[in-house]
Structures are given as structure tokens and as C-alpha cells.
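Any read-out appearing in this document is the output of simple, stated calculations on the displayed coordinates, not a laboratory observation. Source: prediction; values computed, not measured. Counting neighbours? That spans all protein chains shown, and the Cβs are built from the backbone with ideal geometry, glycine included.
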Amino acid sequence: MHRSFRLSIYAGLSVLTLAVLSAGSAYAEDSSDKSGDEWRAPILTGVNPEKRDYYEELGRKSDKILDDRSFVEKWRRPGALQTPKQAEEALEEADKALDLVDRAVKNKTAACYYTFLVNYCIGEAKEKSYERQREIRGVMADARTILHKVKTQENARKKEERLAKPLPQPVDIAPKTVKPVLSEPPVKLKPKEVQPASLPGDYSPKEVKEPSKPTGWEAKTVREPSEPSGFKAASTKEPSMPSGMSMPGSGANSDGAGASSQAKQPTREELEQANLKALAEKEAEAAERQRQAEEKAKARKAKREARNKRFKEDQEKRRAAQLEYEKQQKEGKKSGLFDYF
């Protein structure tokens, strides 16, 4: 049983070894032939195979930058870094070289994902970038030492010139005059006379008086309730006959009622004038509503334009603040403070 289990393990390991070897041979063939148009996928990676050639070329360019030691060889030559002008030029070139190394290590990291040993490739790129940065910062430290030495000598020279100048004469200040003490005797103050305390007066007990009655007080007279003014009982009227109708047997009354009803009916011209008047009132109301709506629309438009104007002003202020912040960051990087943090 143990022997069969051991044989199965050996068989699995042999299959895995063959798979790895076949993958390595396929990778070697693919890397050796770059001119073919067949589809080539990166081995054991999940990246886009169509960008493989681009990132391989990017990695080769990044390797050249990370292996380049021309900056250090230029400024480490004898006599290359002695004057303040040379020190300032070296600092400017050092800033550009550091930025170039930072971009190169980022590009190399992206290109490493198209290789077989990704972590090893990234680690090697970082080690090279650290070595280049140490060399560049060493040159920057020497350049700042030269500038500091020159500035110290300049300050010492200015101090010697300031001490060599003759000191100004002190101002002649007259002594303060002291007023003579008066020989007259001090003013004599008469002591305050203390008056004897007054004796208590003749106190008699307070007389209790009877309570006074209110003046002009009379009993209130109750009046009878008043009736409401203009109040009359409702009177019932007899029901009226409809217009144009009369009781049977009253011909004269019916003729008079018909004539009065015809007199009360409006004519066609009066009806047309009434209709035109009502139409004019409705049009005036519609025009007033339209005017109010236009005024509200203008007010909303003015408010919206003011809000947009404030928004644009805030954007300009934020953009100016961002530019000022970036400028301060660049000035701080040139001053050398970032090397100590």
C-alpha cells in the first residue's frame, strides 16, 4: 500500500516537471522569434499579450537608465565640483536625474509583469534605483557642503567688516535735575471733631385707626337685558306664480306680466358686449399671469447665473491654491529638506 502511494506521488511530480519544462521551452522559442505574427501569450501571467513587445522595449530602456552612471562619473572627476557655480549646476542636474530614475523604476516595474520571474525582476529594479539614488544624493551632499562653506565665509567676512568700522560716539545726555526739598513745615491738619450721639426721642405706641370706606361707592343696579337693534321677526310671504303664467280667468294680468318679462330680456347687442367684456377680463388676467411668470423666470435665471459665477470663482481659487501648493512642494524639494525625512 505504501509502495503504491509513493509511486503515485512520483508520477505526479514527474508530470508537473514535464509541464514546467514544456512551458520554459515555449517561452524560449517565443522570446527568440519576435518577427512572427502568431499569437504569443506571456507565460504564467495574466497580462495583455498584445502589449508585450511595447513593455519589453520599455523595460530595456529602463534598464539602460538604471545602469547609467554618467552623472556620478561626471561630478566625481577631480576638479569637477569645487566652485559654487558648479555646485548649483550639479544640484539642478541631480534633481533631473532623480526624476528620471523614479520614472525608470516605475516603467521597469510595469514591464516586469511580462516576464517569468516577476518578483525577482521588480526587486532587482528597486535595488538598482536605490544604488543610483544613493550615488546622486552623495553628489548633492557634496554640492550643498560647498555652498554652505561659501556662505559661511561670506557671513564671516561681513561680520569682520562690520566690526572693523568705528563705533559711533555716545550721545551726551545731561543728568536729571533733582528739585530741592522745601524748608517750610508740613501743613498741620486739624483733627475731626466727634459729636456726641443723640439721645432717643419720646416714642409713643402707634394708634390703630378704623379702616376707611371707599369714596363714591354705590350699589350696582341691575338693568333689564336690551333687545338687539333692528331685529324683526321673519314674515312669511305667499308663494309667487311663475313668470309668464296666470290664474285662469285673469287675462289682463297675464298680458301685463308677459309684457314686463319681454322688457327685462337683454338684447343681442347687450349679450355680445357682455361676452366681449368677459373675454377682455380673461385676457387681461392671462397677460398678468404671463408677466408674473416671466418675472419669476428672470429672477430664477439671475439666481442661477450668480450661483454659476460663484462656482467658477471657487474653481479658480482652488486651482490657484493647487498651483501654489505644487510650487511650494517643488521649492521644498530643491531646498534639501526632503533628504532628511
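Each label point was placed 7 Å from the Cα along the Cα-to-Cβ direction; for Leu100 and Lys151 their separation is 2.7 nm. The modelled label-to-label distance between Leu117 and Glu88, using points 7 Å beyond Cα along the C-beta direction, is 4.8 nm. Sorting Asp99, Asp172 by the number of Cβ atoms found within 10 Å of their own Cβ, with the fewest placed first, yields Asp172, Asp99. Only one residue of Val72, Gln153, Asn119 has its Cα farthest out toward the positive end of the dipole of region 39-164, where Lys and Arg carry +1 and Asp and Glu -1 on Cβ, and that residue is Gln153.
Potential lengthening of the chain between Glu127 and Lys190 amounts to 12.4 nm, from the contour at 0.36 nm per residue minus the alpha-carbon distance. Give me the one-decimal nm value for the distance between modelled label points at Arg60 and Gln329, 7 Å along each residue's Cα-to-Cβ direction. Those two pseudo-labels are separated by 3.4 nm.
Name the trypsin sites (Lys or Arg not before Pro) in region 54-131 that are in a loop by DSSP and that have at most 13 other C-beta atoms within 10 Å, would you? Working shown, then result.
Numbers: sites: Arg60, Lys61, Lys64, Arg69, Lys74, Arg76, Lys85, Lys96, Arg103, Lys106, Lys108, Lys126, Lys128; in loops: Arg69, Arg76.
Within region 54-131, the qualifying trypsin sites (Lys or Arg not before Pro) (loop, at most 13 other Cβ atoms within 10 Å) are Arg69.
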